Amino acid sequence: MRTKNLLIIVLIILAVIGVAVGAYFMLTPQTEYKNVTIDGLTFEVKNGSANVTNVTANYYIYNDTENNITVLLFDSEGMGLNDFDEATQFAAVRDALQMNNQAQNGTNYTYNYTQTVNRYTYLTNYTHKNLFVITQDKGDMEHILSTIKLDANTGNNTTENQTNNTTTQSSSGSQKSSSGSQKSSSQREEDKITQDGWNPKEHETSREDMGDGYEKVHYDDGYFRVVHKKSGKIETYGYG
């Protein structure tokens, strides 16, 4: 008799657990994700109706207003004169949205957070592909970063979070003009790698003669410098 009662109690407990588990899955909304592919990069975002907009052959925007997720990608490879407006726009958005931010250490990634507007940002590049991710949810940011995959032709030459150290800078132009390289002081100023890891030689696209011994150096994100041909000294810089 005692064994029978014990069996009944066990069955009741199992039934209660089963109902509780079932209710949890029925009442707890399960997040659905979808794959988004931009110029050879694929990642997962929350399911929504947004699609990738191909602004030009080199500039892409994924803007999901429903889930507050925006992804910008500018591919500087094969960039022509018609792409300078988009390069300048990419750079302006990148700099404006990373002002007054603070570095956040995630599970496997470091990204930025601006508390005043509750915004997370992440900047990286895969060789010529400059990727900028903006979210309002930390979980969304970490999910995107953990699911980024490259196609076989993209390669994996990345420079993560180029501007994570720009928390007090109004623009990356001031950083790029910096001569804070740890290399030899005999190196030409225009060739020095900046404190945030930006290497001008990797991003230079063209030069034009300005006369009087100076030339204007153009870079793949719309940034430029006017430098002295002989000494390599930077006289001025900016966007446009």
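The values are calculated or read from the model by the stated rules, or taken from the named source; none is laboratory data. Since the structure is predicted, the reported quantities are computational estimates derived from the model, not experimental observations. Neighbour counts are summed over all protein chains in view; Cβ atoms, including those assigned to glycine, are modelled from backbone coordinates with ideal geometry. Heads up: the accessible areas ignore ligands, DNA and RNA and are worked out on the full protein's heavy atoms, side chains in. Shrake-Rupley method; radii C 1.70, N 1.55, O 1.52, S 1.80 Å.
Within the range 199-225, take every residue that is touching a Lys or Arg at 6+ places or on another chain (Cβ under 7 Å) and open to solvent by less than 20 Å² (accessible area, probe 1.4 Å) and give me the one that is farthest from residue 86 (Cα to Cα).
Only one residue fits best here, namely 217.
Counting only residues that are among the hydroxyl-bearing types (Ser, Thr, Tyr) and open to solvent by 70 Å² or more (accessible area, probe 1.4 Å), which one in the range 12-61 is modelled with the lowest pLDDT?
Only one residue fits best here, namely 24.
Out of the residues in the range 115-130 meeting the condition of being surrounded by 22 or more Cβ atoms within 10 Å (Cβ to Cβ) and modelled with pLDDT of 85 or more, tell me which one is nearest to residue 221 (Cα to Cα).
130
What is the number of the single condition among (1) under 30 Å from residue 206 (Cβ atoms); (2) at pLDDT 75 or above; (3) not polar (S, T, N, Q) that residue 106 does not meet?
(1)
From the list 165, 112, 161, 156, pick out the single residue that is modelled with pLDDT under 85 and within 13 Å of the chain's Cα centre (by Cα).
Checking each option against the conditions leaves just 161.
Being touching an Asp or Glu at 6+ places or on another chain (Cβ under 8 Å), among the β-branched types (Val, Ile, Thr) and outside any helix (DSSP H, G or I) is the filter here, so list the residues in the range 97-151 that pass it.
Of everything in the range 97-151, those that are touching an Asp or Glu at 6+ places or on another chain (Cβ under 8 Å), among the β-branched types (Val, Ile, Thr) and outside any helix (DSSP H, G or I) turn out to be 107, 110, 124, 127, 147.
Would it be correct to say that residue 137 is surrounded by fewer than 21 Cβ atoms within 10 Å (Cβ to Cβ), at pLDDT 90 or above and touching a strand residue (DSSP E or B) at 6+ places or on another chain (Cβ under 8 Å)?
So residue 137 fits the description; yes.
Among the residues that make up the range 62-82, is at least one of them surrounded by fewer than 15 Cβ atoms within 10 Å (Cβ to Cβ), in contact (Cβ under 8 Å) with a residue 40 or more places away in the chain and of a type in the set (Asp, Glu)?
Taking every residue of the range 62-82 in turn, at least one turns out to be surrounded by fewer than 15 Cβ atoms within 10 Å (Cβ to Cβ), in contact (Cβ under 8 Å) with a residue 40 or more places away in the chain and of a type in the set (Asp, Glu).
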